[in-house]
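What follows is a short report on a single structure.
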Amino acid sequence: MSASQSATFPAAPTSARAARDFLRTVLTDLAADVIDVVLLLVTELVTNAVVHAQTSVCVCVEISGSRVRIDVQDEATTMPGRRPVSVDSLGGRGLLLVEGLADRWGYEPHPWGKTVWFEIDGASA
């Protein structure tokens with residue numbers, strides 16, 4: 001199976017939930033545990049884009065066989081980076097989660113902004 005879809009969301013606190021809802025409609029053929037990981041990671045990346053980039057966010061999903069790739073695009077040219085967090089910090093762990101749960105991840109600069117992406121192999125998640 002190979003499929004690709006995308007949706008754009010505003011720079012708003014409700015965008016992470018809307019992105020999860022969008023992905024739930026696209027990822028229906030994957031195992032529930034894989035869907036859960038994808039939804040967690042997209043929540044982190046969309047929230048980062050809304051909070052830090054403060055621009056609209058485009059979420060693109062590509063399914064190819066058992067592999068799922070999610071791209072989160074925003075219009076800020078600042079590249080993502082982990083920041084130091086203390087045990088008491090309420091945030092700042094999004095990229096750590098992506099790094100720990102995705103099979104592959106990275107980011108790509110563009111003249112108009114950036115794409116932060118991750119891939120999950122549905123057969124191994």
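First measure r as the distance between the Cβ atoms of Ala31 and Glu75, then evaluate 1/(1 + (r/R0)^6) with R0 = 35 Å and state the FRET efficiency to the nearest 0.05.
Details: r = 34 Å, r/R0 = 0.96.
FRET efficiency, Ala31 to Glu75: 0.55.
Taking R0 as 22 Å, what's the FRET efficiency between Gln54 and Thr115 from their Cβ-Cβ distance, rounded to 0.05? Present the calculation step by step, with values, prior to reporting the outcome.
Working: r = 17 Å, r/R0 = 0.77.
E(calc), rounded to 0.05, equals 0.85.
What is the extension gain from Ser6 to Tyr107, computed as 0.36 nm multiplied by their sequence separation minus the C-alpha to C-alpha distance, in nm to one decimal? Don't skip to the answer; put the middle values down first.
Values: separation 101, 0.36 × 101 = 36.36 nm, distance 1.75 nm.
So the extension gain works out to 34.6 nm.
No lab work stands behind these numbers, since they all come straight from the coordinates. Note that this is a predicted model, so its numbers are computed, not measured. Using ideal geometry, Cβ is built from the backbone for each residue, glycine included, and neighbour counts are taken over all protein chains shown.
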